[in-house]
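**Student:** Here it is: the structure, laid out below.
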Amino acid sequence: MWVIWVREPEPEPDAAYWPGRRLLAALDAVLWPGLWMVGSRSLPPASGDLWLMVCGFAFLSLCSRLHRAVAMNGRYRFTTWLVAKLLFAMALVGCLIRCSAPG
């Protein structure tokens, strides 16, 4: 007989609080789902009501993120910071490819 103990992962510590963090977190929480809603309006008409489903999902995401940003500020992680890091990594890889290409 095997007995397996699974340890629960350690919870991530709360982020440090600084003045203005709650306001910027609320802005970040509204910005990204808002961009999803605006972007979904440019879907082709043949997609039917897909834009409506995207808007509904974005609204639910907006409510959840806004609650976490305002009420549980230490648990909120900035999406803008994540996107900026990913774009920087992609730009760095692009520069390395351009520099290493002969020509």
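The values are calculated or read from the model by the stated rules, or taken from the named source; none is laboratory data. Predicted, not measured: the structure shown is a model, and the values here were computed from it. All Cβ positions, even for glycine, are placed from backbone atoms using ideal geometry, and neighbour counts span all protein chains on display. Calculation scope for accessible area: heavy atoms of the full protein, side chains included, ligands and nucleic acids excluded. Shrake-Rupley method; radii C 1.70, N 1.55, O 1.52, S 1.80 Å.
**Student:** Regarding segment 62-77, can at least one residue be identified that is open to solvent by 100 Å² or more (accessible area, probe 1.4 Å), at pLDDT 95 or above and either closer than 30 Å to P19 by Cβ or of a type outside the set (K, R) (or both)?
**Tutor:** yes
Table: residues versus (1) under 16 Å from the mean Cα position of the chain (by Cα); (2) not basic (K, R).
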{"site": "F57", "(1), (2)": "yes, yes"}
{"site": "L60", "(1), (2)": "yes, yes"}
{"site": "N73", "(1), (2)": "yes, yes"}
{"site": "R77", "(1), (2)": "yes, no"}
{"site": "L96", "(1), (2)": "no, yes"}
{"site": "A101", "(1), (2)": "no, yes"}
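**Student:** Say we look at segment 79-94 and pick out the residues that are among the small types (G, A, S) and under 18 Å from the mean Cα position of the chain (by Cα); which of these is farthest from G34 (Cα to Cα)?
**Tutor:** A89
**Student:** Looking for whichever is among the charged types (D, E, K, R) and over 21 Å from D14 (Cα atoms) here; the options are R65, R41, R77. Which one fits?
**Tutor:** Selected residue: R41, the only one of R65, R41, R77 that is among the charged types (D, E, K, R) and over 21 Å from D14 (Cα atoms).
**Student:** So, in segment 36-61, exactly how many residues are open to solvent by 60 Å² or more (accessible area, probe 1.4 Å), at pLDDT below 95 and out of contact with any helix residue (DSSP H, G or I) (no Cβ under 7 Å at 6 or more places or on another chain)?
**Tutor:** Total satisfying the criteria: 9.
**Student:** Within the set of pairs 6 or more residues apart or between chains, which connect a residue that is touching a residue at least 60 places away in the same chain (Cβ under 8 Å) inside segment 18-43 to a residue that is open to solvent by 90 Å² or more (accessible area, probe 1.4 Å) and part of a loop (DSSP other than H, G, I, E, B) with Cβ atoms less than 7 Å apart?
**Tutor:** none
**Student:** Regarding segment 9-21, can at least one residue be identified that is part of a helix (DSSP H, G or I) and within 26 Å of V70 (Cβ to Cβ)?
**Tutor:** yes
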